[in-house]
Structure formats: structure tokens, C-alpha cells
Amino acid sequence: MAAIKNDPELTLLIIATNQHLSKLQGETYREIERDGLSIDYKVYMADDEALDNVNSTAKSISRGVAGFADAFDVLKPDMLLILGDRYEMLAVASTALVYKIPIAHLHGGEITEGAFDDAIRHAITKMSHLHFTSTEAYRKRVIQLGEQPERVFNVGALGVENVMKNDFMTKEEIEQSLKFQLTNKCFLCTYHPVTLSNMSSEVQVLNLLEALDNYKDYHIIFTYSNSDTNSQIIIKRIQEYVDKNTDRCMFIPSLGQRCYFSVLKYMTAILGNSSSGIIEVPSFGIPTLNIGDRQKGRIAADSVINCGYSAKEIKNGLAKVVNFSNPSNFSNPYYKEGTCQVILNTIKTYPLENLIQKHFYDIYQ
């Protein structure tokens, strides 16, 4: 966004939506504004007063479609740039499709078998016109979905490049900002709902917290779940745990990008099931304990340790990450030099004429 804003030939328009605008999720749209970016339209999807169930999630998608329609009427963008696989992106992509707005999509072709995000990601690929994948394997998968090879670019992950550009806070600045002590034994934990799992989110997070009871000498920073169905029960159980362990635990809706990347430099390991643990965290040379099936199928570095949902499996996984030895040949498969610049140059120079209509590319032809 900063690169687009700073380019004299481009105009940046920002739409903020869903959990960025939710009070329950910390109203993180303020982080966008603190970075010196202006939000041009807000599309409210989340209903903070509604029950935390699938009915509420489905209705939030419908509110999103209606809101994005109004946003496009006002902003009239030439192109929509979106990242990922969440239901907010399904709502905006569906609306852009009807409005005949070309879509540039980041992080297509990836696999996350434990969440409905997996199907959403592939659906967005079929609605998009330019594709920026994070590995060559994912580029090939997007082409396998029928997308024309000349429109699919392997650029690496923006998040990894942002790690290298981050203005890191010092340890003292972090501790002062968070009012939390960083010791030589620290975990950062983020746990999201696994939307296709038959095991309840409550059981999953309670198993994680039970396993963490074996590490009383570790300080733990918990960050909020996303706004998927059953996120509130996860937040509630973690808050109860933190309230009982205030001497070594804290809970925060969002650290913000600068603080998040800065904190990672002082962590023993990252725990949970966030994509960041697989994509960005390996660049810090620290291990990730990836719990359950939410990220199942994603390409991962050697520093990512997978485990099941049970307390016993999580305990075994924790034992591995605290004794992790960084191999000399370790590398992050999502790193590629010049990610941002390649994306910027492509969206800036690619002809918009005839971009909307696509031909299905058959790999057997």
C-alpha cells in the first residue's frame, strides 16, 4: 500500500472491513491510520452483538457484499488488490466480479485443508485476473486451476519482505509499550478456529492451555483469534487462563505489524495455527509449533513442527520446539527478492484492456 501511495502514476484507495472495524477485535483499522494511510471507505461486516455462530458468519458475508457494492459505486476503482482466503475476501471478490473490476490476487494456490478458507482461496483464484503466488509450486497450482500462465507470477510472500524492512523496536521499547517482561523463555501464541474440524474450538484451546501448564517458567503473549465462527469461546478461555496467570501471561487483540515482528526476535517459539507461523516466522530462525489441521497442506520450513490437537500431542510438540536446533542449511521457502517491486510493476504496467475476459487454460492441451 505504501509503494502504491508513493507512486505518482497510481492512486491508492483503501477499504477497511470486518474485524478491522470490530470493537471486539480491537478496532485495528487504527493501525492502518497510524501508518500514515487514509481509509477511503469502511464496510461493516461484523455484528459485535450477534451470537458467535455460523449464522452470524454467513450474514456478515451478505453485509459485506452490500457494503462493497456501495464502496465501488463511490470509489470506482480500476483494479482491486486483495490478499488471501478469508470470507471477507470472498465477499469483495464476488462483488468486484459483478462490477467487472479486474482483481489482482495474492497468495493463491495454497492449501489449508482444515479450514473453509481453502475453498474460498481457490474460488477467488477463479474470479481473479492477475495472480501473485508465494512459491513456484503454488504458481503451478493456480495454472492447474485453469489460469493463463502469463498472468501468474511467483513473487514470494510480502510478509517475509516486510520482516526485512521492519523498523524493529528495542527490547526495552517493547516491554514499556506492552508493560510485559520479555525473559529468555517466551512464547507467542495465536489460536484461530479450525472451521472444518469436528472437534470443538473450546476443547482444542483448553488442550493447548493444559499443555502450557507444564511451562510455568515461560512468559506467554497471547493475541486474539480472528473473527471466524467460534472465535469468542477461544478468546474467553484464553482470557480466563491469563487472568489466573497475570505474572507470566498477557492477552492483546493485536500487536500491530511493527511490534509483532519486533517481539518475534525475543521469542523461544511461536505456538498456534496462524499462517504467520509458517510464512513469516521462519525468517527469524525460531521454531513454530503448528497445531492441528488449519494449515495442513502448506509448504513449510524445517523450523515448523506439526502436532495434533490433544494435550499429549501438544506437550510433545512443545518439548520439540523448546529444544529446537537451527540447522545450518535452514531457509524460508516463502522468501524471494523484490516481492513488492515485482507486484507494483506488474499492476502498474499490465494492460487493463481485455483483462476481464479469461480463457480457461487446459494443461492437457
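Since every read-out is calculated from the coordinates, none of them should be taken as a lab result. Since this is a predicted model, take the numbers as computed values, not measurements. Neighbour counts are summed over all protein chains in view; Cβ atoms, including those assigned to glycine, are modelled from backbone coordinates with ideal geometry.
Over segment 50-162, Cα pairs under 8 Å with separation of 6+ residues give a relative contact order of 21 percent. Rounded to the nearest 20, the size of the Cβ-charge dipole of the chain about its Cα centre is 440 debye, with Lys and Arg at +1 and Asp and Glu at -1.
What does the highest-first list of 132-145, 74-87 look like by mean Cβ count within 10 Å?
Working: 132-145: 19.7, 74-87: 17.4.
Top to bottom by mean Cβ count within 10 Å: 132-145, 74-87.
Taking trypsin sites (Lys or Arg not before Pro) across segment 1-33, the ones in a DSSP loop with at most 14 further Cβ atoms lying within 10 angstrom of their Cβ are LYS23.
Could you calculate, for segment 209-268, the ratio of the Cα radius of gyration to the Kirkwood radius, expressed as Rg to Rh?
Values: Rg = 12.2 Å, Rh = 12.6 Å.
Rounded to two decimals, Rg over Rh is 0.97.
Taking the Cα-to-Cβ direction at LYS185 and at PHE168 and moving 7 Å from each Cα, how far apart do the two end points lie in nm? The modelled label-to-label distance comes out at 2.4 nm. Working from label points 7 Å from Cα in the Cα-to-Cβ sense, the ASP73 to ASP35 distance is 3.0 nm. Based on the convex hull around the alpha carbon atoms, the chain presents an average projected area of 18.5 nm².
Working from the pairwise distances between different alpha carbons, so that the mean of 1/r is found and then inverted, what is segment 169-322's Kirkwood radius in Å? Walk me through the numbers before you get to the answer.
Working: mean 1/r = 0.0648 Å⁻¹.
That comes to 15.4 Å for segment 169-322.
Using Cβ point charges alone (K and R +1, D and E -1), the dipole size of segment 213-365 about the Cα centre works out to roughly 160 debye. Rounded to the nearest 0.05, the FRET efficiency derived from the C-beta distance between LEU145 and ASN323 at R0 = 41 Å is 0.50.
What 222 nm value per residue comes from the helices of the chain, counting each DSSP H run with n ≥ 4 as -39,500 (n - 2.57) and dividing by all residues, nearest 500 deg cm²/dmol? Don't skip to the answer; put the middle values down first.
Numbers: 14 runs with 143 residues, N = 365.
The helix contribution divided over the chain gives -11500 deg cm²/dmol.
Relative to the dominant Cα principal axis of the chain, helix 201-212 is inclined by about 40°.
For the peptides 219-228, 350-359, 232-241, 8-17, the ranking by mean Cβ contacts within 10 Å, running from highest to lowest, is 219-228, 232-241, 8-17, 350-359. Note on LEU97 and GLU210: the extension gain reaches 36.1 nm, defined as 0.36 nm multiplied by sequence separation minus the Cα-Cα distance.
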